[in-house]
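The values are calculated or read from the model by the stated rules, or taken from the named source; none is laboratory data. Here the structure is a predicted model, which is why all the values come from computation and not from measurement. Virtual Cβ from ideal backbone geometry, glycine too; neighbours counted across all protein chains shown.
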């Protein structure tokens, strides 16, 4: 019986990387179906994503790849296709991204397991009530108690074995320690086309400047507010006749699809970190 795997990795660029990795997969009876690679001349790094099938036992496959990791200084990730990442969704009062992720998961578009939903507001404050059997945690941010609230979220991340945290319009500024603890596994949707119009009410800022395009940005969370590595962005045309409410309405649609694309790319191991940027296959 064969198993489908996805392998993604990065390492310093040098001749023969593809041959060595492909050879190791071949030696384990692997048949490569998809291969994407990128050489970054600026950083001197090599990036690759590979899909393959093999009947070889996983321990043997991992041992073969581990044997390459040291000499190539390779940072790698291997996952079987049927594995589902365990995901935690964080949300505040705006629930359009939450509703979209729930729907896409239920219809099989996003192959992930939503293990928890956390909000700093009561569930009754959200328009979406049909969360089924997904555990819901209300963790308000009381004055002077932000550190305790974040510590409880991180405790749940560890207890529930969460692989990915998604900020589905979670309108709280994260502490440096919280962001660092979730580095590379926390995706945020920012309701603006970064790096423009940061902070509160970006659509109102955009309206005041008379913009003709608005957008949204999905990025990994970092200790710098809204400065994390960008995964996906999109824009939509607006006109002088649009009100701030019109921009908010159009923005909701952009936010939903940008966040969904970013999450799908992460689930498929199509996003590789490249310093403050990402490589997106």
> Checking residue 137 against (1) surrounded by fewer than 16 Cβ atoms within 10 Å (Cβ to Cβ); (2) in a loop (DSSP other than H, G, I, E, B), which test does it fail?
Replying inline: (2)
> Do we find a residue being surrounded by fewer than 19 Cβ atoms within 10 Å (Cβ to Cβ) and either closer than 28 Å to residue 47 by Cα or touching a strand residue (DSSP E or B) at 6+ places or on another chain (Cβ under 6 Å) (or both) anywhere in the stretch 88-104?
Replying inline: no
>> So if I check each of 204, 190, which one is modelled with pLDDT of 75 or more and under 14 Å from the mean Cα position of the chain (by Cα)?
In response: 190
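Can you go through 58, 84, 104 and tell me which one is under 16 Å from the mean Cα position of the chain (by Cα) and more than 22 Å from residue 184 (Cα to Cα)?
Numbers: 58 fails: under 16 Å from the mean Cα position of the chain (by Cα); 84 fails: more than 22 Å from residue 184 (Cα to Cα).
Result: 104 is the single residue among 58, 84, 104 that is under 16 Å from the mean Cα position of the chain (by Cα) and more than 22 Å from residue 184 (Cα to Cα).
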> Quick one: how many residues across the stretch 41-56 are within 23 Å of residue 267 (Cα to Cα) and free of Cβ contacts under 8 Å to residues at least 40 places away in the same chain?
Replying inline: 1
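Looking at 276, 268, which is the one that is under 13 Å from the mean Cα position of the chain (by Cα) and over 16 Å from residue 168 (Cα atoms)? Even if it seems obvious, please write down each step before you answer.
Numbers: 276 fails: under 13 Å from the mean Cα position of the chain (by Cα).
Criteria check complete, one pass: 268.
I'd like the residue in the stretch 228-262 that is in contact with a strand residue (DSSP E or B) (Cβ under 8 Å, 6 or more places away or on another chain) and part of a loop (DSSP other than H, G, I, E, B) and, out of all such residues, is surrounded by the fewest Cβ atoms within 10 Å (Cβ to Cβ).
Looking only at the stretch 228-262, we keep the residues that are in contact with a strand residue (DSSP E or B) (Cβ under 8 Å, 6 or more places away or on another chain), and these are 228-238, 247, 250-251, 253-255, 257-259, 261-262.
From what is left, the residues that are part of a loop (DSSP other than H, G, I, E, B) are 228-229, 238.
Working: 228: 24, 229: 18, 238: 20.
Here the answer is 229.
Please determine whether any residue of the stretch 142-149 is more than 20 Å from residue 269 (Cβ to Cβ) and surrounded by 16 or more Cβ atoms within 10 Å (Cβ to Cβ).
Pass one, the stretch 142-149, residues more than 20 Å from residue 269 (Cβ to Cβ): 142-149.
Checking the rest, the ones that are also surrounded by 16 or more Cβ atoms within 10 Å (Cβ to Cβ) come to 146, 149.
Yes, because at least one residue in the stretch 142-149 is more than 20 Å from residue 269 (Cβ to Cβ) and surrounded by 16 or more Cβ atoms within 10 Å (Cβ to Cβ).
Yes or no, residue by residue, for (1) buried (at least 16 other Cβ atoms within 10 Å of the Cβ); (2) in contact with a helix residue (DSSP H, G or I) (Cβ under 6 Å, 6 or more places away or on another chain); (3) touching a residue at least 40 places away in the same chain (Cβ under 8 Å); (4) farther than 16 Å from residue 55 by Cα:
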| residue | (1), (2), (3), (4) |
| --- | --- |
| 5 | yes, no, yes, no |
| 8 | yes, no, yes, yes |
| 11 | yes, yes, yes, yes |
| 31 | no, no, no, no |
| 39 | no, no, no, yes |
>> Among the listed residues 174, 156, 126, identify the single one that is at pLDDT 95 or above and in the same structural domain as residue 273 (by TED's automatic domain parsing).
In response: 156
> Using beta carbons and a limit of 8 Å, which pairs, at least six apart or on different chains, have the first residue in the stretch 233-253 and without any contact (Cβ under 8 Å) to a residue 24 or more places away in the chain and the second one outside any helix (DSSP H, G or I)?
Replying inline: 236/213; 236/214; 236/215; 246/238; 253/236
